[in-house]
Amino acid sequence: MTTTSTSVAALAVYPGKPGSLHQTHTELPELQADQVLVETIRVGICGTDREIIRGDLGDAPEGLDELVIGHEVLGRVVATGDAVSDLQAGDLVTSTVRRPDGCPACQAGEPDMCLWLRYEERGISKLPGFMSERWVEHRQWLIPVPAELEAIGVLIEPLTVVEKAVRQAELIQQRMKYWKMQRALVVGAGPIGLLGTLLLRSKGVEVVTIARTPAPNPAADFVEACGGTYRSVKEDSLEQIAKDAGNLDIILESSGSAKAAMDAMLVLGNNGVEVLLSLTGGHHPVELPADRINTSLVIGNKVAVGSVNAGAVDFENAVKSLGEFEKRWPGLTQQLITARLKFGPDLDLEAIKTKSSSEIKTVIEFG
């Protein structure tokens with residue numbers, strides 16, 4: 001089927017121009033046979049979105065001067081093309097973010113492992129994001145979401161980040177005949193760190209999640225609610241926290257601090273793996289005990305690996321994991337959403353630009 005081109009309201013920036021966040025209208029393309037028309041239910045705001053709003057990141061689609069932002073989305077199918085038979089109006093979906101550029105990894109179905117780094121990303125680089133009332137997407141990039149996950153489905157995309165991290169760690173650790181993920185350290189208590197805490201706890205791992213802010217605070221309450229341990233590095237040293245935890249089999253680093261990422265290498269347990277998830281932009285040189293870090297990694301057979309974005313398998317796993325979270329801790333995952341803004345003419349743009357001290361995850365509600 002085809003649809004007549006329609007104008008929809010959206011939220012966009014002029015990439016590279018700080019303070020250019022604005023409401024706009026975009027034209028929907030005609031629906032092709034392999035495409036799906038989706039109406040937006042809600043979109044999450046993350047650190048990457050705020051970097052784009054500050055002008056630090058972002059590339060507009062070719063031929064345009066503005067970029068519609070938003071890459072964490074939950075939507076509802078409105079209509080499908082003639083070649084789409086497994087989705088119907090009313091179904092919930094989310095969408096993968098990254099599009100392949102033709103490198104060998106992309107051709108193998110892993111655009112998140114792109115060799116040439118020339119991929120395109122919805123709402124980030126060269127492709128419009130999901131912060132609009134409706135959008136059109138090819139069926140191959142859509143991930144079905146069960147109706148019972150409607151309240152938390154917008155968290156699928158950030159959850160995929162740690163899904164991939166843990167999956168990669170498990171693949172790497174096949175280098176050994178014996179390795180068991182028993183104890184973990186999660187560095188950072190933002191949405192990624194807290195979702196990583198949930199994922200590891202759902203696998204029966206003992207988890208210590210660290211951040212700067214001392215308890216009590218919403219993140220600390222969240223960690224404790226799923227059976228993890230929250231520690232503040234303002235109250236105890238990283239070395240003491242690691243010593244108390246025991247041999248750390250895995251570290252998920254999501255603090256946004258390059259120094260924290262490097263310091264964590266020193267407390268990683270023997271035969272352990274640290275997965276680096278933070279993009280630490282800027283120019284902030286720090287002094288590091290390079291000899292100690294190198295010796296620790298070599299003598300302890302330790303691994304440090306970077307991981308970015310996620311593949312389709314991680315989206316599918318994230319959907320399953322959200323369902324598991326709800327079974328184990330009913331209603332807990334939804335507590336990550338601490339602020340809801342209503343899309344429309346009165347949308348508070350300032351509330352999107354900056355993160356409040358009590359915020360974990362802000363979402364924008366549509367329709």
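The values are calculated or read from the model by the stated rules, or taken from the named source; none is laboratory data. Since we're looking at a predicted model, the values are computed, not measured. Please note: Cβ atoms are built from the backbone with ideal geometry, for glycine as well, and neighbour counts cover all protein chains shown.
Among the residues of region 330-352, those that are assigned to a helix (DSSP H, G or I) and free of Cβ contacts under 8 Å to residues at least 60 places away in the same chain comprise GLU350, ALA351.
Residues checked against (1) of a type in the set (Gly, Ala, Ser); (2) surrounded by fewer than 20 Cβ atoms within 10 Å (Cβ to Cβ):
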| site | (1), (2) |
| --- | --- |
| ILE45 | no, no |
| GLY90 | yes, yes |
| GLU110 | no, yes |
| ILE124 | no, no |
| TRP135 | no, no |
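Here no strands (runs of 3 or more DSSP E) wholly within region 234-329 include at least 3 residues being surrounded by fewer than 19 Cβ atoms within 10 Å (Cβ to Cβ), in contact (Cβ under 8 Å) with a residue 60 or more places away in the chain and in contact with an Asp or Glu (Cβ under 6 Å, 6 or more places away or on another chain).
Residue by residue through region 202-236, note down the ones that are over 17 Å from PRO191 (Cβ atoms) and among the hydrophobic types (A, V, I, L, M, F, W, C). If the condition is that a residue be over 17 Å from PRO191 (Cβ atoms) and among the hydrophobic types (A, V, I, L, M, F, W, C), then VAL205, VAL208, ALA215, VAL233 are the ones that fit.
Going through region 300-319 one residue at a time, which ones are closer than 22 Å to ALA260 by Cβ and out of contact with any Leu (no Cβ under 9 Å at 6 or more places or on another chain)?
Listed by number, the list holds a single entry, ASN309.
All conditions but one from (1) without any contact (Cβ under 8 Å) to a residue 40 or more places away in the chain; (2) within 25 Å of THR160 (Cα to Cα); (3) not in a strand (DSSP E or B) apply to THR48; the one that does not is (1).
Table: residues versus (1) touching a helix residue (DSSP H, G or I) at 6+ places or on another chain (Cβ under 8 Å); (2) assigned by TED's automatic domain parsing to the domain that holds GLY272; (3) over 24 Å from ASN301 (Cα atoms); (4) of a type outside the set (A, V, I, L, M, F, W, C).
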| position | (1), (2), (3), (4) |
| --- | --- |
| THR209 | yes, yes, no, yes |
| ARG212 | no, yes, yes, yes |
| PRO216 | no, yes, yes, yes |
| CYS226 | yes, yes, yes, no |
| VAL233 | yes, yes, yes, no |
| GLN240 | no, yes, no, yes |
| ASP249 | no, yes, no, yes |
| GLY256 | yes, yes, yes, yes |
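Candidates are the residues of region 157-212 that are without any contact (Cβ under 8 Å) to a residue 60 or more places away in the chain and assigned to a strand (DSSP E or B); the one that is farthest from LYS355 (Cα to Cα) is GLU206. Would you tally the residues in region 47-69 being surrounded by 23 or more Cβ atoms within 10 Å (Cβ to Cβ) and under 25 Å from LEU92 (Cβ atoms)? So the answer is 3. Within region 150-202, if we keep just the residues that are in contact with an Asp or Glu (Cβ under 9 Å, 6 or more places away or on another chain) and among the hydroxyl-bearing types (Ser, Thr, Tyr), the residue that is nearest to ILE241 (Cα to Cα) turns out to be SER202.
Scanning region 89-127 for residues that are touching a residue at least 24 places away in the same chain (Cβ under 8 Å) and more than 18 Å from the chain's Cα centre (by Cα), we see that the one that is nearest to GLY70 (Cα to Cα) is LYS126.
Can you find even one residue in region 33-45 that is over 22 Å from the mean Cα position of the chain (by Cα), within 30 Å of ALA189 (Cα to Cα) and not hydrophobic (A, V, I, L, M, F, W, C)? No; the residues of region 33-45 include none that is over 22 Å from the mean Cα position of the chain (by Cα), within 30 Å of ALA189 (Cα to Cα) and not hydrophobic (A, V, I, L, M, F, W, C). Residues in region 137-172 that are under 15 Å from VAL36 (Cβ atoms) and buried (at least 21 other Cβ atoms within 10 Å of the Cβ): 2 in all.
Every residue in region 208-225 that is within 16 Å of GLN335 (Cβ to Cβ) and crowded, with 20+ Cβ neighbours inside 10 Å, please. Selection gives THR209, ALA219, ALA220, PHE222, VAL223.
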